[in-house]
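Read-outs: derived from the displayed coordinates by stated rules, not from any lab. Just so it is clear, the structure is predicted and the values come from calculations on it, not from any experiment. Glycine gets a Cβ as well: all are built from the backbone with ideal geometry, and neighbour counts include every protein chain shown.
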Amino acid sequence: MIPTPLKQTLAAALIASAAIPAYGADIVWARYGDIDSLDPHKATSTLSLQVWRLMYDSLLGTDATGAPVPHVAKSWTTNEAGTEYTFSLNEGVLCHDGTPLDANDVKYTVELALSEDSPSLTKASWGPITAVDVIDPLTVKFTLATPFVAMIPFLADGFSSIICDSNADAEGFGTDTAIGSGPWTLVSWTKGDKIVLAKNPDYKNFGRLAQNPGAPFEDGLIITVVPEPQARLAALKTGEVHIAEPPFDDVPALKESGELSITVAENTGQNVFWEFATSRLPFSDKRARLAVGHATDPALAIDLIYGDLSIPEACPVSRGVFGNDQEFCKQYRPDYDPDKAKALLAEMGYGPDNPLETTMVVWTGGNRQKLAEVFQAQLAEVNIEADIEIMDIGSMNARVRQENEKTEGKASMDMMTWSWYDPDILYALWHSPGAYRGYNTPELDKMLEDTRTLTDPAARKAKVQEVFKHLLENGVHIPLYTPGWEWVFAVRPEVEGFKVAPFVYPVFADVKLGG
Amino acid sequence: MSAPGGVTALRRPSLLLRLVSTPAGAIGLLIVLVLIGGAVLADFLAPFDPTKMGAGRRFQPPGGNHLLGTDEFGRDMFSRILHGARLTLLIGAVAVLISMTTGMLIGLAAAYARGWSEAVLMRGTDVLFSFTETLIALSCVAVLGPSLQNAVIAVGIAGIPFYARTCYSAALVERSKPYFEASIAAGAGHGRLIFLHLLPNVLPTMIVVATLGVSTAILAAAGLSFLGLGAQPPLPEWGYMLSGARDYFNRAPWLMTIPGLAIAMTVLGFNLLGDAIRTALDPAERQR
Amino acid sequence: MGVLTVFVTTVLVTLLIHLVPGDPVQIMYAQSQGSTPEQIEEVRRNLGLDQPIYIQYVQYLGRLSEGDLGHTIRGGQPVLDVILQRLPNTIVLAIAAMAVAIAIGLPLGFFAAYYRGSLIDTGLMALAIAGISMPHFWLGLILLFFFAVELGWLPVSGSGPANLILPAVTLGLSNAAIFARLTRSSMIDVMNQDFVQTALAKGLPRTLVFRRHVLRAGLVPLITMMGLQFAFMMGGAIVVENIFSWNGVGRMAVEAIFQRDYPIIQGFILTFAVVVVCVSICLDALYALIDPRIRRAV
C-alpha cells in the first residue's frame, strides 16, 4: 500500500515529532487502571496494593509459596496465650525522607489504621489489637484482646504497609505525597495517567522475594494507565512499555513467536466464586445453589476465554493460601453434572416451562463478562435463566449486600472475586453478620471463630478445612477458578529479572534493562 | 369519498415518487426497508439462534456455512446481526418516541401558553440543549444504572430539548396564522386549539425531524452500549458486539468490522431518508 | 443565560443523588470488607444527606464557593483535584478536534457552495453525510488499530502531543462533516443575498465575489454555531477518550459511573456546564468583535 521507505520516513517523522521522552533507565509498566490512593488505609484494589508494595515496607515478607517470613521485623515472639506479639526490627531501615524507620513508625501506622475518625478500610483484618507499645526503638509489642493467628500473614501483606510517622507533617498525604521505606520512592502521581517512582538508593531488602539485597538496579519505574488491551500490546511491541497485561487472546501467538515473554503470577490467592442471595427463595434452598454448581463448568469457560492462563479452583481459598488442598475440596465441591442440576431443580418445581429466573452480577473488566456469558449459556441448559449485570467491584459489593437485605424479589447470584493472604477472609465473608449479610449459621460461626484462635497450625488447618467442607456441601461459596485478574504479564525481551511474588505483587528491584 | 381524503390519496404517491427520484433518497429508503425486513423476518431468515454458542467452530471467517463468520463462542454472526437489527430499530423507535412526545408536549405547551410558563419551559430547554445529548444521556445512565432499557430511556430524555425547540418554533409559526386567531375568537377551548389545530400542523415537521432523529438515537445508544453502559450480554446489540470484539482484533477482525458497518449503514440509511423527506416536503430546501 | 445554566446545573447535581434508586450511601460506601452502620452514618453526615433537601442545596453552594466539590468515594481524593488534573487534557482535545473539523469542514463546505448543484457539490455532500453516519467509536477503533497497533506509528499511552493526534482526528472527522454542511448552507444563504447577486450582475468575477464577499459574510454566522459545536466536542470526547486512553474528564466520568462515585459525577457535570458557558461567552465576545452590527447593538 505505502512503499516501505516512505513508511519508515513517515514513522520516523511522527516519532520524532512525538517528543517521547527517552526512557533510558526507567522501567515502564502499563496497567488497565489507576490506584485509588497513595494511602494504604484508603483503598482495597489490587491496582493500589501493587503500588503500595513498591513504595512501602511491611513488618514481614512472604516466601515464594506465600508463607510469612521476616523482613523489617527480623524475628518475633508470642506469649503462650497468643495475645502478645513482640517484634524486633532490623537496624538501618530508612524512610524516604531520611529518618530511620523504627518502632514509633509501626505504632503510628497501627494507630492510624484503628483510629476512630478515619480508620483503615481493612480495619477488621488488623484483628483485636488493644495496644501497640514501643519497648525500644527496635522493639515493638502488639497486645490483643483475644488470640488472632491471621495477624501474622496480615503483617506480611500490603494492607499493613508501614507509614512513616513523618507523613503526619506532610501536606496531602495519600493524594500528592507518601513517605514509605520501600524500594521505590514517589516522584509524582498524575491521576488517571501515571505514577512516577524513583529508586530508593538506601533500600535494604531483608525478606522480600527480590534477590537484590539493596537498591533497585534501574533508576526509575513509571506505572502508566492504558485501559485498552490492544493498545497495551501495541505499546509493548513498539517498546514504549516494557511490561503490561496483554489481550488474553493474543497470548498463544506471542508465546509462539517469542516476541514477548509471558509471566503468569502464581499463588495469587485470587478466588472467583459463586455466591447467592440466601435471604429468599430460591437460593435460600441449598438445592438451588448446588444446582448452579453442578450446571457450570469453569474448566470449559476458562479454556474459551483465558486458555491455559487460569485453572479451575476447588477450594474457597485459592492456591497459595493456608489450608488449600485440591483433593480435599474436590470431594465436596458440586462437580459439573448438568443432569444432577436438572434433577435438583425439578425437585424444586423448576423445568423448561418454569425456569428459575435470576440476576447474575459480575465485576466489569478482565473479560469476566465473556466468562459470565458462557456460564449464562450453561445455566440455560438446565433451565436457569440468568440476566447478566456488569458493574465495578465496589458497586458489586454494595449490590450483593443489598440483595441479601431484601426479603423478596428476583433471585440473585454473583460471580464474586476475592483475593486474600489467609483463610481469615472466610471469617469476614461468612461469620455473622458477614460482609454481605448473606448466609450464616451458628455452627459455621463457631468453626470460623476457632480458625482465628487455634494457634497450632495442624489444628487450625483441620478447622479451616471443616469450614471449606461446610461451605462447599451447602453450596454457599462455590469456587470457580484462579487466578482471575491482573495476573498475566507480557514482558519485553530486554527486561531481565522480572518476577511476580505471591498475591500478585510484581517485583522490580531485580529488573535490568539489557540491550 | 370526501375531498380531503382524495387530496391525500393523490399526494401520497407523489411524495414517494419524489423520494425515490433522487439517488440519495432511493438508497436511504432501500437501506431502511432492508433493515425493517431483516428485523421483522429475523426469526425466519436467521439460520441459527443468535445466542446459541457452538453453532459453528469459533472464529470462523465469513463465508461458507456462516455468511458473516462466527464469534469467540462460535455463535453465528449473521444471525446475531439480523437480531441486532431488530434491537437497533426498536431502540431508535422507542427513544425517538420518548423524545418526540415529551418534546412536543413541552413545545406545544410553551408556544400555546406564552407568558412566564413559556419563558420557563424554553429557557430550561435551552439550558439542557447546551449540555449536549451525550452528557444528558450519560447523567441519566449514572442515575438509572447500566442496562439497555435504561440506555434507551437516557437517549430518549437526552433528545427532548431538541424536539421541544423544533416543535416550539413550528407551533409559533402556526399560532400566528389568521385561522388560529379566528378559532380563538370563535371560542375554541384549549384542548381543541392545541390538539386539533396546533398538533396536526406541526406533526409533518416533527416526523421529518424524527426520521433524522432515529439515526442520532441509534448512534447514541450504540455508543452507550459500546462503553458498557447499555446492552448487557448476551443481547446481540451492535455497539456491545463491537466493544466485545476488540480483544479479538488480531485473530478475527471481522468481528469488529461487521457490527461497525451495520451501525454506519443504518445511520446512513436514516440520514439519507430523512434528508430526502425534508427536501421532498420543502421546496425551498430543494432549491439549495 | 450562562448564569442560568450554571444555576440549573447546581440544582440538578444536588438532585442527582436523590434520584438514584436505593440508598446512594450504601451503594457508594461498600468497597472493602464491609462497612459498619456508624461509617454509613458518617458518610451520610459528611454528604449532608441527613438534612432537608433545600438545606443540602445551600450547603452545597456554600462548599462550592470555597472550591470544595467533596471527596471521591474511591480513595477519598478531593474531587476538584481529580478533575483539575484532567480537565486541561479534555479541553486540549476538544480544541484540537475543533481545529481538525474546521480545517477539513470549512474548505469542503465552501467548495460545495461554490460549485453548488454540480457533481462536486453532490459528491462532497454525500461524503459529509457518510461522515455524519460513521459512529465515531468505530472510526476511533479503526484508526487506533491501524495507526497505533498495526503500524506502530503513534504512541498509545500518556497524554503527550503525539497521543493527541488520533483522538483529535477521530473527533474532528465526525464533526468536519457537520461543519461542511453548516458552511455550505451559510455560504448559500449569503450568495442568495442582494449584494452578492448585484456584484455578480455587475460582472465581477465569481472567484473575486466569493473571496471578497461571500466568504467573509458567510463565516460570521458560523461563529455563533461554534459554541454548540464545542459542547458537542466535549460530549464526543467522553467516548473518544475511552478508546484512546486519553486522560481527560470523559474517561474519568465513565469510570466513575461504573464505580458509582457520585461526587465525581456531580463534579463532572458541573465542570462541563461551566466550560460550555465560558466558551459561549468567549465566542459571543469574538462575534461582537468581528461583526460591527452586533457591536453597535451591544
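Please find the FRET efficiency linking C:Cys282 to A:Ser284, where r is the Cβ-Cβ separation and R0 is fixed at 41 Å, and quote it to the nearest 0.05.
The calculated FRET efficiency here is 0.10.
How many partner chain Cβ atoms sit within 10 Å of a residue's Cβ in peptide C:232-239, on average, as a whole number?
What the average comes to for C:232-239 is 5.
Where does each of C:His136, A:His242 land when they are ranked from fewest to most other beta-carbon atoms within 10 angstrom?
Ranked by crowding around the Cβ, least crowded first: C:His136, A:His242.
Calculate the FRET efficiency for A:Val134 and A:Asp450 from the Cβ-Cβ distance with a Förster distance of 41 Å, rounded to the nearest 0.05.
0.80
Tell me the label-point distance for the pair A:Ala81, B:Leu203, using the 7 Å Cα-to-Cβ offset, in nm and rounded to one decimal.
In this crude label model, A:Ala81 to B:Leu203 measures out at 8.6 nm.
What does a probe at C:Leu49 reach in the stretch A:375-416, counting residues whose amide N is under 11 Å from the point 7 Å along Cα→Cβ?
none
What is the helix-to-structure angle for B:148-175, meaning the angle in degrees between its Cα long axis and the longest Cα principal axis of chain B, kept from 0 to 90 and rounded to the nearest 10?
Roughly 30 degrees, rounded to the nearest 10.
Could you please report the charge total around B:Thr266, scoring K, R as +1 and D, E as -1 over all other residues with beta-carbon less than 13 angstrom from its beta-carbon?
So the environment of B:Thr266 carries a net charge of 0.
Which percent, nearest 5, of DSSP beta bridges in the protein assembly as shown are antiparallel?
Antiparallel bridges: around 70 percent, rounded to the nearest 5.
At 7 Å along Cα-to-Cβ for each site, give me the label-to-label distance between A:Val187 and B:Leu16 in nm.
7.1 nm
Beyond 60 Å, what percent of the Cα pairs of the protein assembly as shown remain?
15 percent
In the stretch A:430-483, what chymotrypsin sites (Phe, Trp or Tyr not before Pro) fall in a loop by DSSP, with at most 14 other Cβ atoms inside 10 Å?
Filter output for the stretch A:430-483: empty list.
Which value in deg cm²/dmol, rounded to the nearest 500, describes the helix-derived mean residue ellipticity at 222 nm for chain B, given -39,500 (n - 2.57) per DSSP H run of n ≥ 4 and division by the residue count?
Helix contribution divided over all residues of chain B: -24500 deg cm²/dmol.
Need one value for A:42-48: mean number of C-beta atoms belonging to other chains within 10 Å of its residues' C-beta atoms.
Shielding by partners across A:42-48 averages 3.
How far is helix B:133-144 tilted off the main Cα axis of chain B, in degrees rounded to 10, range 0 to 90?
70 degrees
Quick one, can you get me the convex hull of the C-alpha atoms of the stretch A:390-515 expressed as volume per residue in Å³?
Convex hull of Cα atoms, per residue: 153 Å³.
Place the peptides B:50-61, C:167-178 in order of packing, highest mean first, counting for every residue the other Cβ atoms within 10 Å and averaging per peptide.
Per-residue mean Cβ counts within 10 Å order the peptides as C:167-178, B:50-61.
Angle between the Cα long axis of helix B:23-40 and the longest principal axis of chain B, 0 to 90 degrees, nearest 10?
60 degrees
Averaged over its residues, how many other protein chain Cβ atoms are within 10 Å of peptide C:247-254's Cβ atoms?
4
So, in Å, what gap is there between the alpha-carbon centers of the stretch A:166-234 and the stretch A:81-110?
Their Cα centres are 21 Å away from one another.
At 20 Å minimum axial length over the Cα atoms and a Kyte-Doolittle cut of 1.0, report the qualifying DSSP H helices in chain C, or say none.
C:2-19, C:79-114, C:119-133, C:215-244, C:262-290
Pop a pseudo-label 7 angstrom from the Cα along the beta-carbon direction at both B:Ala185 and C:Arg116 and give the gap in nm to one decimal.
So the label points at B:Ala185 and C:Arg116 sit 4.0 nm apart.
Hey, how many Å between the Cα centroid of the stretch B:144-217 and the Cα centroid of the stretch A:274-347?
Each part's Cα centre sits 55 Å from the other's.
Let's test the formula: R0 of 60 Å, r as the Cβ-Cβ distance of A:Lys330 and B:Val120. What FRET efficiency results, to the nearest 0.05?
Once rounded, the FRET efficiency stands at 0.30.
Only counting other Cβ atoms within 10 Å, I'd like C:Thr224, A:Thr359, B:Thr216 sorted with the fewest neighbours first.
Ranking C:Thr224, A:Thr359, B:Thr216 by Cβ neighbours within 10 Å, fewest first, gives C:Thr224, A:Thr359, B:Thr216.
Could you please report the charge total around C:Gln56, scoring K, R as +1 and D, E as -1 over all other residues with beta-carbon less than 12 angstrom from its beta-carbon?
Net local charge, C:Gln56 excluded: +2.
Could you work out the local net charge near A:Ser88, counting Lys and Arg as +1, Asp and Glu as -1, over the other residues with Cβ closer than 13 Å to its Cβ?
Net of charged neighbours comes to -1.
To make sure I understand the rule: partners must be lysines, Cα under 22 Å from the Cα of A:Lys255, and not fewer than 8 residues away in the same chain. Which ones qualify?
A:Lys237, A:Lys499, A:Lys512
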